[in-house]
1. Counting only residues that are among the small types (Gly, Ala, Ser) and touching a Leu at 6+ places or on another chain (Cβ under 9 Å), which one in the range 1-36 is nearest to residue 103 (Cα to Cα)?
2. How many residues, within the range 9-39, are touching a strand residue (DSSP E or B) at 6+ places or on another chain (Cβ under 6 Å), more than 15 Å from residue 62 (Cβ to Cβ) and surrounded by fewer than 19 Cβ atoms within 10 Å (Cβ to Cβ)?
3. When only residues in the range 64-90 that are touching a Lys or Arg at 6+ places or on another chain (Cβ under 9 Å) and in contact (Cβ under 8 Å) with a residue 40 or more places away in the chain count, which is surrounded by the most Cβ atoms within 10 Å (Cβ to Cβ)?
4. Of all the residues that make up the range 44-57, how many are surrounded by fewer than 17 Cβ atoms within 10 Å (Cβ to Cβ) and either part of a loop (DSSP other than H, G, I, E, B) or of a type outside the set (Gly, Ala, Ser) (or both)?
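A short reminder: the numbers here are calculations on the coordinates, not readings from a lab. Treat the numbers as computed from the prediction; the structure is a model and nothing was measured. Cβ coordinates were reconstructed from backbone atoms using ideal geometry, including for glycine residues, and neighbour counts include every protein chain displayed.
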Amino acid sequence: MTLNLAQANAVVQCTLSRASELDIRISVAVCDAGGRLLAFQRMDGGHWAAGCGAQGKAVAAAAFARPSGLLAERSGLPIMQGIAAAEGGHMFYSKGAVPIFVDGVLVGACGVGGGTGEQDEECASAGAAALG
């Protein structure tokens, strides 16, 4: 099972809707289970660097099949640094991304940047729920 473009776009739309409700300007990235980008959008007024964070958090959530914020505590460990380096340095271990499961199978992740870590994760969770 894999995440397709229509599903990724549905995740993006639900994520953006939640950000609008929170009155924040975000970037959202949806990747497949291998951490490769499928869909990305930055809201008008969103900071360009938030896009880097959104993608990096999504890659981490997909790689470990858990919310990216749960990885922050271990981010300084050599194994975590080694994995991030081997992946190309695009993996961010900070709050704001959640894995996406369909029928119990990891199919991708949704990462958000632009709000607080809590707001980012709330938006990412709303997006992931589009498929649940």
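1. Looking at the filtered set, the residue picked out is 33.
2. Looking only at that region, the number is 1.
3. The residue in question is 68.
4. Of the residues in that region, 5 qualify.
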